[in-house]
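So the structure is just underneath, and the comments pick up after that.
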Amino acid sequence: MGGEKNPDGVKTYPADQHDLDSYVQASGQLSQLRAPLMLDSSDPHARLFVAAFDGTGNSMYKDDPKNHTNVAGVVQQLEAGMHRNIGYGYVEGPGTQDGWLKSTRDQMSGRTFEPRVEQMYRQFTEQSKQWLDQDPKAQINVAGIGFSRGAEQEAAFARLVHERGIQDPSGATYSKDKDGNITGVEFSKPPLVAPGQVPQAVGLFDPVGTGEPRNHDRRLPPSVMSAFQITAEDERRDLFKSTSILREGFSEDKRFLNVTVGGAHSNIGGSYELNGLSIRSGNLMTDYLNGLSDKPFLDKRAEPQDPTLNVVHRSDKHQFFYTTRDFRDGQRDHTDVVASKQQVKDHSVADPTRKEPIDERMDGRFERRPVPIGDTPGKQASLQPAAQEGSDIDRTFARLTEAARNRDDGAFRAAAQDHARSDAGQAWLQNGREQYQQMKAEQSQAAPQQQQQPQQAQPQQPPHQQQPPSMQPRMPGQ
């Protein structure tokens, strides 16, 4: 697969043991994250709104299902689940509107950033009003997720919810441009919930803020009780620097976590047909979201063992104009500034690179527990930290296949030599030596006994007698 184009249109190379182990390690870290219990099945008033922002160029409505992102996958599960106490909103990614010129401009700049955030806020207030009309004691919490620029939009949405609370949509007046994008809104009635009083959790698939997002404040506000960011290690493109909305590792007493895993940008957020890594990333986020509830409401997916699916995409080959100068050292660059450009210019925030401290008083309302790691369908031991031999053989086979397709004798020899030097290869050789020694010992013990026993006449088989059909050798595939 590595040397040729694949169904996703770019070259790939096999995910190695480091890449696969990074997901196991990330899951181990996630199991230590102290998540707030936002949805308690014993509380009839508890409500959870899931805000889902898709990535640039990604649409659950327009894309082929095999190219849906992890964000779309969460929404589709919620649609099918019919949860009485869970609502959701979905916003397509930038650059998904009709018209080549409009969509191309939006894909390049992310210019519809603010209208898409407002679109989600409208969905949120409408669902919240419906809940509060049905139950005036409803306690509404928000869990927002996003991919790429959608992750940046989710961070801005969290700020908007913090600053506005839950406004009454029945008193809203919207201004729109000729394309129907929300350009402004005024609220004439008192808020349903006051600003700063809506608890939130945030899940981010590889945030990228190129263009318009950097004109907006994406510092997570005090009402965000928990957040989990998954960052791609192998994204090479200069235009796709990762935004550190959360600092690497744990922060604020293990209430926030940013993990780095193997793969390029869309190996994390999804949309590739060869989706072994994105499924693993999606399962991490599924565990995080389920950890906000006492009962899981999302299902994890089976993680492929097929090495042709567990690949890293060379995303820099999607367009001729992508450059990779900043990846020359093999390390992806990050952007730490999450305040807006204007805030940085005006020095109006204390630290433009960090989220705001958590509201400890609000935090005291929540029981916290380590995120439970759910079972993965069809889970095989080969991806546990002590990997079994079969997974190494699969990856070696993938490397050998890639080298053969590229007619690269050096790469072929290197793959064979690496496997011979690996723990699995050494174990295989040692096992062969032990079996050989055992066979020689058995032969040595049997030789004297055979010399002492008289030979017995062997019955002769009638000429031309065939074996029964069940004993005939079968060719592979028959």
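The values are calculated or read from the model by the stated rules, or taken from the named source; none is laboratory data. All of these numbers come straight from a predicted model, not from anything done at the bench. Don't worry about glycine lacking a Cβ; one is built from the backbone with ideal geometry, like all the others, and counts go over all protein chains shown.
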Is it the case that some residue within the stretch 35-46 is farther than 21 Å from LEU292 by Cβ, assigned to a loop (DSSP other than H, G, I, E, B) and in contact (Cβ under 8 Å) with a residue 40 or more places away in the chain? no
Could you go through the stretch 93-102 and let me know if any residue there is under 19 Å from GLY180 (Cα atoms), surrounded by fewer than 16 Cβ atoms within 10 Å (Cβ to Cβ) and within 22 Å of the chain's Cα centre (by Cα). no
Among the residues that make up the stretch 288-309, is at least one of them more than 22 Å from GLY93 (Cβ to Cβ) and touching a Lys or Arg at 6+ places or on another chain (Cβ under 7 Å)? yes
Only one of THR56, THR69 is touching a Phe, Trp or Tyr at 6+ places or on another chain (Cβ under 6 Å), assigned by TED's automatic domain parsing to the domain that holds GLY211 and surrounded by 22 or more Cβ atoms within 10 Å (Cβ to Cβ), namely THR69
So VAL50, is it among the β-branched types (Val, Ile, Thr), surrounded by 15 or more Cβ atoms within 10 Å (Cβ to Cβ), in a helix (DSSP H, G or I) and out of contact with any Asp or Glu (no Cβ under 6 Å at 6 or more places or on another chain): no
With the condition kept exactly as written, say whether any residue in the stretch 163-185 is assigned by TED's automatic domain parsing to the domain that holds VAL50 and touching a His at 6+ places or on another chain (Cβ under 6 Å). no
Go through the stretch 217-248 and give me each residue that's within 22 Å of ALA35 (Cβ to Cβ) and among the hydroxyl-bearing types (Ser, Thr, Tyr). SER223, SER226, THR231, SER244
Give LYS62, LYS66 a once-over and let me know the one that is among the charged types (D, E, K, R) and in a helix (DSSP H, G or I). LYS66
Filtered residues of the stretch 79-104 (kept if under 20 Å from GLY211 (Cα atoms) and part of a strand (DSSP E or B)): VAL91
Considering the stretch 341-356 alone, what residues qualify as being part of a helix (DSSP H, G or I) and closer than 22 Å to GLU252 by Cβ? GLN343
Members of the stretch 359-377 found to be over 30 Å from ALA302 (Cα atoms) and not basic (Lys, Arg), listed by number: ASP359, GLU360, MET362, ASP363, GLY364, PHE366, GLU367
Specify the residue that is surrounded by the most Cβ atoms within 10 Å (Cβ to Cβ); the eligible residues are those in the stretch 203-226 that are part of a strand (DSSP E or B) and over 14 Å from the mean Cα position of the chain (by Cα). SER226
In the list ARG395, ARG369, which residue meets the criterion of being at pLDDT 95 or above, touching a Leu at 6+ places or on another chain (Cβ under 9 Å) and outside any loop (DSSP other than H, G, I, E, B)? ARG369
Take LEU220 and tell me if it is within 21 Å of ARG111 (Cβ to Cβ), aliphatic (A, V, I, L, M) and assigned by TED's automatic domain parsing to the domain that holds GLN32. no
Test result for LEU298, under 16 Å from ASP375 (Cβ atoms), surrounded by fewer than 24 Cβ atoms within 10 Å (Cβ to Cβ), in contact with a helix residue (DSSP H, G or I) (Cβ under 7 Å, 6 or more places away or on another chain) and of a type in the set (A, V, I, L, M, F, W, C): yes
